[in-house]
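The values are calculated or read from the model by the stated rules, or taken from the named source; none is laboratory data. If you're wondering where the values come from, they're calculated on a predicted model, not measured in any experiment. Here the Cβ is made from the backbone with ideal geometry for all residues, glycine too, and neighbour counts use every protein chain on show.
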Amino acid sequence: MNKLAFFYPNGHEAHFEVGHPERPERVEEIKNALISADWWDDFEHIDPAELTDDVLYAVHNPTYIDMLQEVCRRGGHLDGDTYTTTESWKLAVQSAGGAVSVASYVWRSANSQPGGIRTRGFALTRPPGHHATPERGMGFCLLNNIALAAEHLLSEEGASRLAIIDLDLHHGNGTQDVFWRRDNVFYISTHQSPLYPGTGYIDETGEGRGEGYTANFPLPPATGDEGFQSIMQSFILPLLDRYHPDMILVSFGFDTHWRDPLGHLQLSAAGYGELIHNLCDWADQNCSGRIALFLEGGYDLEAGRECALAVVAALMDRAWEDPLGESPRRDGRSWQVVARQAREIWKL
């Protein structure tokens, strides 16, 4: 039996720009899907936590925070892709607070719940976060939600080491930057390459104390379900075995789905659910079931709807069938080149 700690960003629709792909409908469609499935009332709905300055400034430079607040006061752009409104600072803080609250709830529940019951986490963090670096917001992201959640667990909850698995279409350059020189977070990313933001090469593995604590799998277009599952079984799970984190945090983006307009990795909703199921099984066997998911990208509404149902079914161990099916385009095999290179780097 599994429980779900869930965060929904109330009022998020005030963060909006006409014609922009990062739009309120992304999370509204997910909410509607969960209500239609009669799952919405099954969740423990979590209020956002208040961000402490210690956690905020451990992830983001104070100069950037001051600049972000100033831009949001008038409503403007951080770059050509990344907009703000006069409500965006408040909503970015709410989103990060929701991530912190969900991660904390899962962490504490694992220490108190009776055997056989697992509490998972699911946070619809909007605005998203994994491109936000210590020094700047970019790629639709303002504050790095998952990095702030990780920092809170390490500094406030007693975690000693964590794993962040980034399954978004795009490389989470911001999250990588935050933990690049640290050994208490193992950052693992699968992402399409070449693609924005042009980082996440296979030989990017960290520096200093962080050397060997970043693993990138830059995947070619048309990788598909088989390629993703191979990377999961051959690399991600063995690397988790090697590192043995206290909790798994997942940056999940539905832009890996074959319907998404921004990418071409051709993952199905069922394939995404299987990846999360793999990570849940690992967490159950190795870290008291501690796992939480945080929304990043995903820009096709129907794909987002079904991927959300797929991952919630995986988190709660419920039956679900994929109405969209596999990609109508043939999967490629070029991902095997990445696998061979990764095997040499990681000695797996």
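E296 is checked against (1) within 23 Å of E321 (Cβ to Cβ); (2) surrounded by 21 or more Cβ atoms within 10 Å (Cβ to Cβ); (3) in contact (Cβ under 8 Å) with a residue 40 or more places away in the chain and fails just one. What number does that condition carry?
(1)
So which residues in the stretch 303-348 are touching a strand residue (DSSP E or B) at 6+ places or on another chain (Cβ under 7 Å), in contact (Cβ under 8 Å) with a residue 60 or more places away in the chain and either among the polar types (S, T, N, Q) or crowded, with 17+ Cβ neighbours inside 10 Å (or both)?
Within the stretch 303-348, V311, V312, L315, M316, W335, V338, A342 qualify.
Looking at the structure I just gave you, is S104 over 19 Å from M138 (Cα atoms) and out of contact with any helix residue (DSSP H, G or I) (no Cβ under 8 Å at 6 or more places or on another chain)?
no
Inside the stretch 255-269, can you point out the residues that are more than 14 Å from M232 (Cβ to Cβ), outside any loop (DSSP other than H, G, I, E, B) and either over 13 Å from the mean Cα position of the chain (by Cα) or of a type in the set (G, A, S) (or both)?
H257, A269
Okay, residues lined up against (1) part of a loop (DSSP other than H, G, I, E, B); (2) surrounded by fewer than 16 Cβ atoms within 10 Å (Cβ to Cβ):
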{"position": "N32", "(1), (2)": "no, yes"}
{"position": "D38", "(1), (2)": "yes, yes"}
{"position": "V55", "(1), (2)": "no, no"}
{"position": "A58", "(1), (2)": "no, no"}
{"position": "Q69", "(1), (2)": "no, yes"}
{"position": "A92", "(1), (2)": "no, no"}
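Across the stretch 205-254, which residue is farthest from the chain's Cα centre (by Cα) among those that are β-branched (V, I, T) and surrounded by 18 or more Cβ atoms within 10 Å (Cβ to Cβ)? Break it down stepwise before answering.
Residues of the stretch 205-254 that are β-branched (V, I, T), as a first pass: 205, 214, 223, 231, 236, 248, 250.
Now restrict to residues that are surrounded by 18 or more Cβ atoms within 10 Å (Cβ to Cβ): 214, 223, 231, 236, 248, 250.
On the way: T214: 15, T223: 19, I231: 17, I236: 15, I248: 11, V250: 4 Å.
For the stretch 205-254, the residue satisfying everything is T223.
So is Y64 out of contact with any Cys (no Cβ under 6 Å at 6 or more places or on another chain), among the hydroxyl-bearing types (S, T, Y) and more than 17 Å from G139 (Cα to Cα) or not?
In short, no.
Pick from the stretch 94-128 the residues that are polar (S, T, N, Q) and not in a helix (DSSP H, G or I): which of them is nearest to R23 (Cα to Cα)?
Filtering the stretch 94-128 for residues that are polar (S, T, N, Q) and not in a helix (DSSP H, G or I), the one nearest to R23 (Cα to Cα) comes out as T125.
Give me the pairs: first residue in the stretch 128-141 and acidic (D, E), second residue surrounded by 24 or more Cβ atoms within 10 Å (Cβ to Cβ) and at pLDDT 95 or above, beta-carbon distance under 9 Å, and six or more apart or on different chains, which are they?
E135/H60
Run down D38, D47 and say which single residue is closer than 30 Å to A314 by Cα and under 21 Å from the mean Cα position of the chain (by Cα).
Working: D38 fails: under 21 Å from the mean Cα position of the chain (by Cα).
Just one listed residue meets the conditions, D47.
Mind telling me which of the residues G297, G304 ends up being in a loop (DSSP other than H, G, I, E, B) and either modelled with pLDDT of 95 or more or closer than 21 Å to I236 by Cβ (or both)? Walk me through how you get there before you give the answer.
Numbers: G304 fails: in a loop (DSSP other than H, G, I, E, B).
Answer to the check: G297.
State whether the residues of the stretch 223-240 include one that is assigned to a loop (DSSP other than H, G, I, E, B), touching a residue at least 24 places away in the same chain (Cβ under 8 Å), in contact with a Ser or Thr (Cβ under 8 Å, 6 or more places away or on another chain) and among the acidic types (D, E).
So far as the stretch 223-240 goes, no, none of its residues is assigned to a loop (DSSP other than H, G, I, E, B), touching a residue at least 24 places away in the same chain (Cβ under 8 Å), in contact with a Ser or Thr (Cβ under 8 Å, 6 or more places away or on another chain) and among the acidic types (D, E).
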